[in-house]
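What follows is calculated from the coordinates using simple rules that are stated; it is not laboratory data. Computed from a predicted model, the values in this text were never measured in an experiment. We place every Cβ from the backbone using ideal geometry, glycine too, and count neighbours over all the protein chains shown.
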Amino acid sequence: MEALRAQDSIGARALKFCILNANRTTEVLDATWDEFDLEEGIWEIPPRCMNNQERHAIPVRCQSIALIKQQFRMSEFVFPNRSNGKSLSQAGMSSELKRIQRAREWKDNYGRLIAVYGFR
C-alpha cells in the first residue's frame, strides 16, 4: 500500500480499493456509482457480478470511501477507462502492480510474483 500511495491513477486507485475491500477484480472494475451509498458506507454488489447470482451488500471503510470520492464521474463506472468510458480493464490494475514491481518485486511464500487476484 505504501508503494501504491505514490501512484495517482485510476488503475492505482482501483487496485487500492480492491486490496482494502478484498474483492474480486471484476467486482471492482465493473462497480458503478449507483451501487454505492457513501453516506451509509455500503456497497451493494449486484447479482450479475456474484458467483451465486445474489445481491451482496458489504460495508465500505472510510479509506475506500475517500478513494471513491477522488474519482470523477466521467462514466457510469467508478473506475473507468479514460479512452472509452467503459470499465477499466484487468490490465489497468495489473499494469500498476507491474510498475511497482520494477522497483521491488513482491513475492508470495512460494517465491511467485504477486498478481492482483493474490491480494484477496
How far apart, in nm, are the 7 Å Cα→Cβ label points at ARG82 and ALA103? 1.9
From the convex hull of the Cα coordinates of the stretch 80-120, what is the mean projected area in square nanometres? 3.4
Restricting things to alpha carbons, find the Rg to Rh ratio for the chain using the Kirkwood radius for Rh. 0.96
Count of lysine pairs, the chain, Cα-Cα under 19 Å, sep. 8 or more residues or interchain, comes to 5
Using modelled backbone amide H atoms (1.01 Å from N, in-plane), which distant-in-sequence or interchain residues come within less than 5 Å of SER87's amide H? ASN81
Relative to the first principal axis of the alpha-carbon coordinates of the chain, what is the inclination of helix 90-103, with its axis defined by its Cα atoms, in degrees from 0 to 90 and to the nearest 10? 30
Can you tell which of ALA31, ILE19, SER75 lies farthest toward the positive end of the dipole of the stretch 2-119, using +1 and -1 charges on the Cβ of basic and acidic side chains (Lys, Arg; Asp, Glu)? ILE19
Computed helical MRE - 222 nm, the chain, DSSP H runs ≥ 4 contributing -39500 (n - 2.57), nearest 500: -10500 deg cm²/dmol
Quick one: compute the contact order of the stretch 2-119, relative version, from alpha carbon pairs under 8 angstrom and 6+ residues apart, as a percent. 28
Full extension from TYR110 to GLN63: what is 0.36 nm times the residue separation minus their Cα-Cα distance, to one decimal in nm? 13.9 nm
Charge dipole (the chain, unit charges on Cβ, about Cα centre) - positive-most of GLY41, ASN109, SER64: ASN109
Between ALA22 and ALA3, with labels modelled 7 Å along Cα→Cβ, what's the label distance in nm to one decimal, could you check? 2.2
